[in-house]
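Read through the structure below, which is laid out as structure tokens, and then see the notes.
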């Protein structure tokens, strides 16, 4: 027997949050349903492309390797061109499924490895985990029924950016993003200009 649900899931509030902020009529159904996870496509104000949003991850509390408390999250991507929607949708689904399977959330400032078929479609082997910088500040989190969900944005990294991130702090990498102002909604964008590696001193 299926238990009677007496109150909405947090993901129900997330879905309402995402759809209510759309700048255009919203679709009647998600692009993808994979187990408990859906991916919705909406046009959000001021965002250079279609916003892809998971709905369903936030119903599970996930452990964090950098926080002392569990967290509830959903994931976003931006498709600057419709041609990227399938690959980015698959990438979001992968990250959502992997987090739910492991019970551990990906951290802001980390590089998440894509499965080979997704990496081939995106032309990028890793996704960067960031706050939602193109969206209105209120879009990146919500509170409902005493619970809080954070919405993290994932965008593809160029190989040289991933190598720089592995050798430097994420704060330094994000400083360079702010300086360069790249078109992060375009997975085919060139890599940002990165400092040359420091040469080791010789004695």
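The table below gives the values:
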quantity: Nearest-ten-degree value, helix 170-180 long axis tilted from longest Cα axis of the chain; calculated: 80
quantity: Cα-based helix-to-principal-axis angle, 10-20 vs the chain, degrees rounded to 10; calculated: 80
quantity: Whole-angstrom gap from segment 104-175 to segment 33-81, using each part's C-alpha centre; calculated: 11
quantity: Cα-based convex hull, segment 10-180, per residue volume (Å³, whole number); calculated: 120
quantity: Cα pair distances exceeding 12 angstrom across segment 107-154, given as percent; calculated: 67
quantity: In degrees, nearest ten, helix 85-102 long axis to first principal axis of the chain (Cα); calculated: 80
quantity: Helix-only [θ]222 nm of the chain, DSSP H runs n ≥ 4, -39500 (n - 2.57) each, per residue, nearest 500; calculated: -8500 deg cm²/dmol
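Bear in mind that the values in this text are calculations on the coordinates, not laboratory data. Everything quoted here is computed from the prediction, not taken from an experiment.
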